[in-house]
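Before any comments, here is the structure.
The values are calculated or read from the model by the stated rules, or taken from the named source; none is laboratory data. Quantities reported herein were computed from a predicted structural model and do not represent experimental measurements. All Cβ positions, glycine included, derive from the backbone under ideal geometry; neighbour counts span all protein chains shown. In case anyone asks, the SASA skips ligands and DNA or RNA and just uses the protein heavy atoms, side chains included. Shrake-Rupley method; radii C 1.70, N 1.55, O 1.52, S 1.80 Å.
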Amino acid sequence: MATRRLGVGETLGALNAALGPGGPVWIKETRTRHLRSRDFLAPHRALQARFDDGQVPEHLLHALACLQGPGVAPVLRCAPTPAGLSLQLQRSAVFERVLSAVAAYATPASPASLGQRVLLHCPALRSSPCALRLSQLRTVLVADHLARALRAHGVCVRLVPAVRDPHMLTFLQQLRVDWPAASERASSHTLRSHALEELTSANDGRTLSPGILGRLCLKELVEEQGRTAGYDPNLDNCLVTEDLLSVLAELQEALWHWPEDSHPGLAGASDTGTGGCLVVHVVSCEEEFQQQKLDLLWQKLVDKAPLRQKHLICGPVKVAGAPGTLMTAPEYYEFRHTQVCKASALKHGGDLAQDPAWTEIFGVLSVATIKFEMLSTAPQSQLFLALADSSISTKGTKSGTFVMYNCARLATLFESYKCSMEQGLYPTFPPVSSLDFSLLHDEGEWLLLFNSILPFPDLLSRTAVLDCTAPGLHIAICKFLVQLSMDFSSYYNREPRPHLFGQMFVRLQLLRAVREVLHTGLAMLGLPPLSHI
């Protein structure tokens, strides 16, 4: 049996190539009603643009029906239909290939090249938590998720700034954000000397305030970069301060001195330089102008400043129904935490917030609610927060709480099997190679495998793509986990109980894969799996 991991991308690529030269034609089906009869479709309109009258030659139909290749899923049939060219896979064979190598489908499809480095900068972490606005909290959560996704992809990531405020560190731990701490500031002496050499005397004879060194003209540099670089055309002068140089010094220090254990390809290299390193600034739209100044100032003062810098701008955060309401990040967390405690008290009875066994669970549920709210919308878009209690309901199908609830249901299911096995009610789980995957024929089972397990490696890889020319970032993990939870919940609620052990074991193997994907996805958000809620 072939061992290479099957892939949606590989299969689509092979299908399009089989039709000859031209753009992509095939689409992957996702809806239940379409998946009852087909898995991929080449729409009739797209075929008309490629072939006369939309008629696919017989030899190409034969080639599609016999399609093979590395990572290509085996084909059962391919036939013309009113909707276009419909193709269905050999589902039992796909189940077997995927569920015989579950761990392979919980890792990125294509690991990064050895030594690839990203310096991830989140300026909002230089403030105190009580001053952290919701838009800044969004940048922190985006940066944390991006760091996790890049590292899972094999990229070496360095996080800046190292946090000095102990209250901020405590708040980040509460949010399950993994960020480094530091006690010392990087020296800005060299940068200060360079700045003084460049500074103009455009202070009109006035005495400069303490901490301000002078003014630098950036207009020429902006014009050199050109409009395609994306800099604000109004950038002219930059007021150079000691604080600004301190920020630059920390960025420069982080860029030139990577920890020896940060990546195998960098071991023993104390000065790795700027070559091959991408600097990503994750900032709110309110901070964008200031960050562009910092970027240009870095290039002005340092000969070997990084040439590859990406500004990931996060859109504003608005509280729905409460215009003008200013809520800090800690206030937002406490608000959600209170809602979680109240909802659990209504569900289970009693004041569980005072029970130590529930303290961590409430903390995880609160953070899950916040992260799914903040990350489900594209970072560059405006985000509206609805503070109603429905956001934390386990019965709603859009929240982080719903995902964690289904994570707990999976844990309960496997714990129940384990207890029954220990009591002698069920036999031990047999070798996967002995399972009969043809017993998986429910449409809910195919939905879980085809829409969640099979495409998951590609999703992990897309999250780690940082295009310097694109304005935003693709974050799909939250919507993916919500959809996976919905499909699992639907299957779990209507799943007919198996009458044979063989059927039970093959379904358990499918749910093992669901659990593996779910846990990996939650890890990308810094969320641990829960065993009960």
In segment 425-443, which residues are under 17 Å from residue 88 (Cβ atoms) and open to solvent by less than 40 Å² (accessible area, probe 1.4 Å)?
-> 437, 440, 442
Just to be sure, is residue 159 outside any helix (DSSP H, G or I), under 30 Å from residue 311 (Cβ atoms) and under 29 Å from the mean Cα position of the chain (by Cα)?
-> yes
Residues that are of a type in the set (D, E, K, R) and either modelled with pLDDT under 95 or under 11 Å from residue 314 (Cα atoms) (or both), drawn from segment 367-381 | 373
Output for Cβ contacts, cut-off 8 Å, separation at least six or different chains, first residue more than 15 Å from residue 6 (Cα to Cα) in segment 70-81, second open to solvent by 50 Å² or more (accessible area, probe 1.4 Å) and of a type in the set (D, E, K, R), reads 76/91
Does segment 173-183 contain at least one residue that is part of a helix (DSSP H, G or I) and modelled with pLDDT of 90 or more?
-> yes
Filter result (touching a His at 6+ places or on another chain (Cβ under 9 Å) and of a type in the set (Val, Ile, Thr)) within segment 55-94 = 81
Can you find even one residue in segment 84-99 that is at pLDDT below 95 and among the hydrophobic types (A, V, I, L, M, F, W, C)?
-> no
Selected residue [of a type outside the set (A, V, I, L, M), touching a residue at least 40 places away in the same chain (Cβ under 8 Å) and either open to solvent by 50 Å² or more (accessible area, probe 1.4 Å) or closer than 28 Å to residue 101 by Cα (or both)] from 45, 36, 50 = 36
Can you name the helices (runs of 4 or more DSSP H) wholly within segment 1-90 that have at least 3 residues being under 22 Å from residue 447 (Cβ atoms) and in contact with a helix residue (DSSP H, G or I) (Cβ under 8 Å, 6 or more places away or on another chain)?
-> 8-18
Just name the residue that is modelled with the highest pLDDT out of those in segment 255-276 that are buried (at least 21 other Cβ atoms within 10 Å of the Cβ) and under 14 Å from residue 306 (Cβ atoms).
-> 255
Pairs returned, first residue in segment 371-397 that is open to solvent by 20 Å² or more (accessible area, probe 1.4 Å) and small (Gly, Ala, Ser), second residue that is modelled with pLDDT under 80 and assigned to a helix (DSSP H, G or I), beta-carbon separation under 6 angstrom, 6 or more apart or interchain, are 396/390
Would you please name the residue that is nearest to residue 32 (Cα to Cα), looking only at residues in segment 404-450 that are among the hydroxyl-bearing types (Ser, Thr, Tyr) and touching a residue at least 40 places away in the same chain (Cβ under 8 Å)?
-> 438
When segment 226-240 is examined, which residues are found to be out of contact with any Leu (no Cβ under 8 Å at 6 or more places or on another chain) and modelled with pLDDT of 70 or more?
-> 230, 232, 233, 234, 239
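From the set of residues in segment 342-354 that are surrounded by 13 or more Cβ atoms within 10 Å (Cβ to Cβ) and of a type outside the set (Ser, Thr, Tyr), which is modelled with the highest pLDDT?
The extreme case among them is 342.
Results for (1) modelled with pLDDT of 95 or more; (2) of a type in the set (A, V, I, L, M); (3) open to solvent by 50 Å² or more (accessible area, probe 1.4 Å); (4) under 13 Å from the mean Cα position of the chain (by Cα), shown as yes or no for each residue.
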site	(1), (2), (3), (4)
457	no, no, no, yes
461	no, no, no, yes
497	no, no, yes, no
500	no, yes, yes, no
504	no, yes, no, no
513	yes, yes, no, no
522	yes, yes, no, yes
Say we look at segment 129-160 and pick out the residues that are open to solvent by 10 Å² or more (accessible area, probe 1.4 Å) and small (Gly, Ala, Ser); which of these is farthest from residue 280 (Cα to Cα)?
-> 131
